[in-house]
Structure formats: structure tokens, C-alpha cells
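These notes concern the structure reproduced below.
The values are calculated or read from the model by the stated rules, or taken from the named source; none is laboratory data. Keep in mind that this is a model prediction, so the values were computed, not measured. A quick note on method: Cβ atoms are made from the backbone with ideal geometry, for glycine too, and the neighbour counts reach across all protein chains shown.
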Amino acid sequence: MPGDGIGKAVLDETIRVLEAAGFEADYVEGDIGWEFWKTEGNPLPDRTIDLLEKHKIALFGAITSKPKDAAFAELAPELQAKGLVYSSPIVGLRQHFGLDICMRPCHTYKGNPLNFIRRTADNGFEEPLVDVVIFRQNTEGLYGGVEWSDPPQQVYDALMTHPKFVKNFGDTPKSEISVSTRIFTKRATERILRAAFAHARQYGYKSVTVCEKPNVIRETSGMMFKMAQQIQSAEFPEIELWNTNIDAQMMWLTKNPEDYGVIVAGNMFGDIVSDGFAGLIGGLGFACSAQFNPDTGIGVFEPTHGSAPKYAGYEVSIVNPIAMIESACMMLDFIKENKIAAKIRKAVADVIAEGKVRTYDMMKMRGTADVVKKGAASTSEMADAVIGKL
């Protein structure tokens with residue numbers, strides 16, 4: 001599923017890398033993204049859902065999402081009177097297929113000039129090794145889609161039964177209120193916690209950190225941490241359980257990132273902290289992800305960057321494909337093609353360590369159309385370098 005913008009460029013190059021590594025597959029293209037919203041009023045057509053039902057495994061490029069009014073303005077005129085409302089197709093996929101386990105590894109590549117460094121006491125510098133895996137609950141929380149502007153009367157009446165709502169918002173006209181819910185269920189919370197602890201045990205991480213805000217968001221964050229305590233003490237006593245608030249975590253991740261192993265969080269906070277750690281390993285050009293349902297075997301594998309439409313129009317694609325290549329490696333692990341995944345990861349690491357081929361972000365250039373002429377590698381040249389190492 002190439003999606004929008006730069007999605008096709010990074011996905012095409014990734015498939016070249018997969019084939020060079022010896023992975024043989026028949027690829028079926030699925031329609032998804034902004035063009036299908038504009039022309040059909042649906043960025044996630046039923047035919048694409050049917051494809052994923054059948055084939056179960058998807059590589060996904062990138063998606064464009066715009067605010068409500070901007071999305072409506074780009075809808076085909078004949079569709080604008082139908083009351084259609086844009087919603088993210090990737091969120092739709094997550095909820096339709098129950099892809100509630102989202103896994104986002106952030107690992108330092110030696111030799112990457114974008115790696116986080118810090119000053120030492122003797123005025124020198126050191127480069128801590130970051131090896132963190134974020135487990136993000138993927139279908140609930142603030143991204144659950146249960147929200148209203150000028151809420152229906154029955155919703156407003158229910159809110160008015162809460163004394164704090166009455167005290168703080170009781171005098172506000174209903175028409176001036178917008179509400180977004182943050183819903184956690186015990187079933188989904190338990191699944192993401194167990195996935196995090198199981199990963200820590202399997203790969204030798206010493207700790208699992210619940211990164212939420214239980215001192216303020218007492219019901220949802222509080223429930224997650226309490227359940228983590230119960231699971232850890234009963235089933236994973238050898239793994240330390242840590243508890244951090246999301247705001248403090250964003251400070252600490254630049255003070256002592258090497259101390260963290262597996263982090264688990266709800267949807268919004270997991271999104272935030274994974275981008276934070278991605279910044280320590282080079283940015284979104286290195287940030288991969290997997291989202292899957294272990295019960296059905298359905299998985300979608302994607303870089304966490306967006307569609308970067310301003311880059312999509314360049315004659316030569318300049319974007320870094322490593323996040324997409326790493327996402328494909330996560331797909332290979334998921335379908336037990338671990339040897340091929342390891343081979344590709346080693347090739348990527350060798351290219352970065354050698355330092356001869358670097359995309360514009362690795363050279364700390366602005367993403368202008370002429371960066372290749374200035375010595376930066378294009379998207380295809382980075383893929384060529386990885387293939388060369390293979």
C-alpha cells in the first residue's frame with residue numbers, strides 16, 4: 001500500500017532491497033490515501049480491506065491527513081453534499097482489524113552523524129547507545145474517534161452528571177464545547193502490557209517502563225499502571241517495572257536514554273514518546289513500526305514518517321528510505337523470515353558505519369531539490385548502497 005506522497009518512492013526502493021536479499025513474494029497493490037478520499041470520498045476503500053483480509057500482510061508507505069475543513073475543500077464537488085467526513089485510513093485499518101499492538105523500535109546505528117550526543121563532566125562528548133522498543137496501544141485512547149463538537153444532548157446530559165464538569169464547564173453553552181474521549185479497556189490494556197513484558201523477556205531487556213500520567217489522568221493511566229504491577233509481580237518478576245510521567249520522560253530521554261529498554265504506553269503518549277526517542281537515533285528517516293493482531297496474524301508495517309508532499313514532486317527522490325527498509329525487516333521477523341531480516345539490517349548498518357553514502361538528512365542539509373547535486377544520496381542511491389552490501 002504505497003499511500004501518498006513519498007510513500008511510493010520509499011516502498012519501491014524497499015521492495016528492491018527485499019528482492020536483492022532473497023525474499024520472494026508476489027506483491028499486490030492496495031489503494032489507500034488522499035487521492036481516493038478526493039475522488040471516491042473514502043481513503044480506505046472496501047476493496048483494500050478485502051485484500052488485507054485475504055493476504056494478511058501489508059507494507060505501507062505513508063499517508064496524508066489534513067484538518068476537517070481542508071479535507072472537505074479537496075473533496076470532489078459532486079461528493080461534497082453527501083455529508084462525508086475524512087478519517088485517517090491507517091486508524092481505520094487499526095480499528096477494523098484490531099491491530100492493537102504497535103511496536104516501534106529505536107536503535108542507534110554506529111556512525112550515524114545524527115545520533116544523540118551529550119557533554120561529559122570533563123567538557124568532552126559521549127554518544128550513548130539507544131536501544132529502546134516502544135509498545136503503543138494502537139486502537140483506543142485519544143485516537144479512538146469518540147468525539148463531538150456541540151455534543152448531542154444525551155452526551156451533554158451525561159457529562160453534566162460529573163461534578164467537575166458542572167463546576168468547570170457548566171456555564172459554557174453546549175454549542176461551544178468540543179469533547180474528545182480517552183477510553184481504555186482492560187482487555188486491550190492487558191494485551192499491550194503482556195506484549196511488552198514478553199518482548200522484554202525474549203530479547204533480554206531488564207526493564208519495562210509504563211509511560212503515562214497516573215498522577216493526573218487517574219482512571220485510565222492509573223488502570224494501566226496497576227495492571228502492569230499485577231502482571232509483573234505474578235508472571236515477570238525478573239523484569240523491573242518502572243513508572244514515568246510522559247512529561248518527565250520527555251526530559252529524561254535526553255539525559256539518560258541508555259537506561260531504558262521496553263516502554264509501554266497508551267495511544268497518544270506512545271506516539272509522543274516514540275517520536276522523542278526517534279529523534280535520538282536520527283529522526284523519522286530511521287523510525288520504523290509494526291502494528292499487528294496476534295490472534296489473526298494480520299500485520300501492517302510502516303515507517304512512522306508522513307507523506308512529505310513537498311518532496312514527492314521532486315524529479316529525483318531525496319528522502320531517506322531506511323525507516324521503510326527497517327519496517328520491512330519487522331515484517332520479515334513477523335513471518336519468521338528472520339535470517340533475511342538480519343542480513344538486511346547488517347547491510348544497512350554497514351552502509352551507515354562506512355559513511356560514504358548519506359541522504360540529505362544525514363548530511364544535515366535542508367531538503368531542497370538540489371541536494372543530490374551537492375553530494376547527498378538520492379532515495380535510490382541509498383537503496384543501491386544497501387543492495388551493494390547485500
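Looking at Ala308, Ala312 in this structure, which one is closer than 25 Å to Leu142 by Cα, in contact (Cβ under 8 Å) with a residue 60 or more places away in the chain, in contact with a Gly (Cβ under 7 Å, 6 or more places away or on another chain) and not hydroxyl-bearing (Ser, Thr, Tyr)? Don't jump to the end; show me each part of the working.
Working: Ala312 fails: closer than 25 Å to Leu142 by Cα.
Checking each option against the conditions leaves just Ala308.
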Residues of segment 93-141 being within 20 Å of the chain's Cα centre (by Cα), more than 30 Å from Pro43 (Cβ to Cβ) and of a type in the set (Ser, Thr, Tyr), in sequence order, are Thr108, Tyr109
Residue hits (segment 89-115; under 23 Å from Arg187 (Cβ atoms) and not aliphatic (A, V, I, L, M)) are Gly92, Arg94, Gln95, His96, Phe97, Gly98, Asp100, Cys102, Arg104
Scanning segment 292-322 for residues that are touching a strand residue (DSSP E or B) at 6+ places or on another chain (Cβ under 6 Å) and among the β-branched types (Val, Ile, Thr) gives Val300, Thr304
Scanning segment 283-306 for residues that are under 15 Å from the mean Cα position of the chain (by Cα) and either among the basic types (Lys, Arg) or on the phi > 0 side of the Ramachandran plot (or both) gives Gly283
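Give the number of residues within segment 264-280 that are assigned to a loop (DSSP other than H, G, I, E, B) and either aromatic (Phe, Trp, Tyr) or surrounded by fewer than 24 Cβ atoms within 10 Å (Cβ to Cβ) (or both).
Applying the first criterion (assigned to a loop (DSSP other than H, G, I, E, B)) to segment 264-280 yields 266.
Subset that is either aromatic (Phe, Trp, Tyr) or surrounded by fewer than 24 Cβ atoms within 10 Å (Cβ to Cβ) (or both): none.
The qualifying residues number 0.
Could you list, in sequence order, the residues of segment 86-125 that are of a type in the set (A, V, I, L, M) and surrounded by fewer than 10 Cβ atoms within 10 Å (Cβ to Cβ)? Spell out how you get there, then give the answer.
So the first thing to find is which residues in segment 86-125 are of a type in the set (A, V, I, L, M), and the list is 90-91, 93, 99, 101, 103, 114, 117, 121.
Of everything in segment 86-125, just one residue is of a type in the set (A, V, I, L, M) and surrounded by fewer than 10 Cβ atoms within 10 Å (Cβ to Cβ), namely Ala121.
Identify, please: which residue in segment 1-28 is in a helix (DSSP H, G or I) and touching a Pro at 6+ places or on another chain (Cβ under 7 Å) and is, among those, nearest to Lys339 (Cα to Cα)?
As a first pass, look at segment 1-28 and keep what is in a helix (DSSP H, G or I): 7-20.
Subsequent filtering for residues that are touching a Pro at 6+ places or on another chain (Cβ under 7 Å) retains 8, 10-11, 13-14.
Values: Lys8: 26, Val10: 22, Leu11: 21, Glu13: 20, Thr14: 17 Å.
Only one residue fits best here, namely Thr14.
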Of (1) touching a residue at least 12 places away in the same chain (Cβ under 8 Å); (2) surrounded by fewer than 16 Cβ atoms within 10 Å (Cβ to Cβ); (3) outside any loop (DSSP other than H, G, I, E, B), Lys339 fails just (1)
The condition from (1) closer than 16 Å to Val300 by Cα; (2) touching a strand residue (DSSP E or B) at 6+ places or on another chain (Cβ under 7 Å) that His107 misses is numbered (1)
Can you find a residue in segment 351-373 that is part of a helix (DSSP H, G or I), of a type in the set (A, V, I, L, M, F, W, C) and crowded, with 18+ Cβ neighbours inside 10 Å? yes
- Meets criteria (in contact (Cβ under 8 Å) with a residue 60 or more places away in the chain and either surrounded by fewer than 22 Cβ atoms within 10 Å (Cβ to Cβ) or in the same structural domain as Tyr311 (by TED's automatic domain parsing) (or both)) for Arg16: yes
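Within segment 283-334, work out how many residues are assigned to a helix (DSSP H, G or I), closer than 24 Å to Ala25 by Cα and hydrophobic (A, V, I, L, M, F, W, C). So that I can check it myself, show each step before the final result.
Step one: filter segment 283-334 for residues assigned to a helix (DSSP H, G or I), giving 284-286, 309-312, 322-334.
Then keep just the ones that are closer than 24 Å to Ala25 by Cα; that gives 322-334.
Now drop any that are not hydrophobic (A, V, I, L, M, F, W, C), which leaves 322-325, 328-332, 334.
Residues meeting the conditions: 10.
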